[in-house]
Amino acid sequence: MKFIAFVAVASAFVLPDDRVASQLVLADDNAAAKVAAPFGVLRETTNVVKTGVNKATDAVRSWFLSADVIPRPNALAEDGDLDALTSLKGLSALGQVLAGDKNGVSNLTLYQLITSSNNTTQFAALLNEFPTVVALLNTTTADVNHTVFVPVDTAFDALPGWHKITAPQAREAIVRYHIGVGAFPYPTLFATRTLSSLYHEPLLGGAPQRLRVGLEKKLGFRINFAARVISPDALASNGIVHAIDTVVVPPTFVGRQLSFVPDHYSTLLHAMNVSGFTQYIHGLTNLNGSTVLAPNNAAFARLGPEINSFLFDSALGLRYLHALLRYTTVPNATAYSDAFYGSSALAPRVLIPGTKTPSSAEHLYYQLPTLLGNTTVTINVTFIHGYSAMLVNNKVRVTVQDGVAKNGVIQEVDRVVFPLPPASVPGSPWSNPPVKTVVDLVARLKPYVEDGDENGDDNKIVAAGSPPTVSALTNEL
């Protein structure tokens with residue numbers, strides 16, 4: 001099994017062969033400026049969106065200010081993001097209203113709406129290759145609605161190697177991944193974290209691969225951190241069409257994607273390589289989905305030079321590093337912030353059901369197995385008016401949520417996650433003291449690390465002053 005993370009940058013990356021179909025492709029931010037809006041006017045005005053966002057933001061900020069566990073959650077949008085949102089900055093000039101009733105709902109189906117535009121001809125041609133999907137987008141059966149994120153023609157033009165993707169299975173996967181299940185108007189998307197697509201992923205046990213939607217720092221509102229909605233809310237008789245500036249492809253495995261963002265994950269990549277974790281994980285079979293708690297570079301830096309030197313510069317330390325990586329990987333359970341794939345026995349518990357009002361919150365609690373022996377990891381998710389915050393083991397913050405992956409989901413954490421102490425109560429922060437020294441680390445992980453030769457220079461702990469040997473440390477514990 002391989003792993004994939006998400007790319008949270010604005011520069012483009014494309015592979016020039018068929019493998020591009022399984023990459024998360026990021027397009028040029030300027031692509032939208034080259035496109036005329038293919039669809040009609042917004043049904044919701046800027047003032048309506050601005051009012052809703054302001055209410056949501058005020059409610060979230062008020063709630064978090066009164067919460068002790070998360071003083072400043074990264075999930076909240078910065079003022080610059082809110083300014084871009086409330087002004088609908090970057091949306092193309094809107095064209096003629098589509099034929100429809102007085103509420104602006106077209107009498108055209110999704111398929112007819114897409115094929116009627118001169119700016120979505122490439123996606124329409126791709127769609128026509130798959131009659132089953134065409135039939136679905138023409139279906140007007142009650143309660144069968146979809147949301148289609150349609151790349152405009154310039155999105156395909158900006159994708160080098162696109163015409164080399166000839167495999168029907170890959171092309172159909174791309175089509176299906178642009179179609180969300182259910183109707184999601186543009187304002188609703190801001191209160192949505194992930195949504196199911198029509199593309200079903202074998203490595204998720206055949207479950208629908210999800211589209212990640214949300215407001216990203218410095219990037220604005222994005223789908224899978226890449227595509228931007230440039231003309232929203234074209235209303236069809238059986239759903240909604242949003243025009244986007246980037247082709248969104250089903251996500252692939254982690255290793256390659258992590259390497260695209262070395263300023264974020266280079267330490268994690270190095271850890272996977274030198275500890276043998278990559279080889280170990282590739283040898284596992286029969287896995288359906290996973291949750292990867294991925295420490296960013298800052299998380300490793302917070303461990304300090306003593307612990308990092310031990311983990312990366314000693315033979316014994318590498319075994320501890322391997323154990324750490326196993327602990328941060330949950331097999332056969334994919335925990336998104338708002339969805340879960342896995343055994344019903346592992347499904348989250350609702351601790352405090354919300355009442356769906358701006359001042360109420362809803363809390364979900366997971367206790368999930370890991371690849372490290374019989375250890376478990378806890379995840380708490382708090383929702384309030386479309387925003388969510390996640391804590392691991394009631395202490396470690398998830399700074400970037402829901403990096404959708406081919407074989408699971410990536411939850412980026414701002415600190416390295418350690419197993420709870422043996423005598424601790426799951427989820428109790430006061431019984432989970434911080435790991436500040438190598439002695440702390442060894443005490444926490446020693447039960448899960450195989451015994452071996454602890455003698456010799458290679459197995460000494462590198463620290464300030466005169467470091468004791470690993471043997472001396474472990475004999476203390």
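The values are calculated or read from the model by the stated rules, or taken from the named source; none is laboratory data. Note that the structure is predicted; figures quoted are calculated from it, not measured. Backbone-built Cβ (ideal geometry, glycine too); neighbour counts: all protein chains shown.
A few remarks follow.
- Residue in the stretch 282-297 that is closer than 20 Å to Glu412 by Cα and surrounded by fewer than 18 Cβ atoms within 10 Å (Cβ to Cβ) present: yes
- Any hit, the stretch 210-227, residues being closer than 22 Å to Leu136 by Cα and in contact with a strand residue (DSSP E or B) (Cβ under 6 Å, 6 or more places away or on another chain): yes
- Candidate set from the stretch 369-385 (those that are touching a strand residue (DSSP E or B) at 6+ places or on another chain (Cβ under 6 Å) and in a loop (DSSP other than H, G, I, E, B)); member that is surrounded by the fewest Cβ atoms within 10 Å (Cβ to Cβ): Leu371
- When the test is whether a residue is surrounded by fewer than 19 Cβ atoms within 10 Å (Cβ to Cβ), out of contact with any Asp or Glu (no Cβ under 8 Å at 6 or more places or on another chain) and assigned by TED's automatic domain parsing to the domain that holds Ser388, His270 passes it.
- Applying the criterion of at least 3 residues that are touching a residue at least 40 places away in the same chain (Cβ under 8 Å) to the strands (runs of 3 or more DSSP E) found wholly in the stretch 268-354 leaves 290-295, 329-331, 333-335.
- Flag for Leu136 being modelled with pLDDT of 50 or more, in a helix (DSSP H, G or I), in contact with a helix residue (DSSP H, G or I) (Cβ under 9 Å, 6 or more places away or on another chain) and in the same structural domain as Leu195 (by TED's automatic domain parsing): yes
- The number of residues in the stretch 233-266 being in a loop (DSSP other than H, G, I, E, B) and either farther than 22 Å from Ala135 by Cβ or at pLDDT below 90 (or both) comes to 10.
- Taking every residue in the stretch 104-123 that is farther than 16 Å from Thr141 by Cα and pairing it with any residue that is among the acidic types (Asp, Glu), at least 6 positions away or on another chain, the pairs with Cβ-Cβ distances below 7 Å are Asn119/Asp153; Thr120/Asp153; Thr121/Asp153; Gln122/Asp153.
- Yes/no for Ala389 being assigned by TED's automatic domain parsing to the domain that holds Tyr341, farther than 18 Å from Gly289 by Cβ, in contact with a strand residue (DSSP E or B) (Cβ under 8 Å, 6 or more places away or on another chain) and of a type in the set (Gly, Ala, Ser): yes
- Residue match in the stretch 143-151 (condition: surrounded by fewer than 13 Cβ atoms within 10 Å (Cβ to Cβ), assigned to a loop (DSSP other than H, G, I, E, B) and modelled with pLDDT under 85): yes
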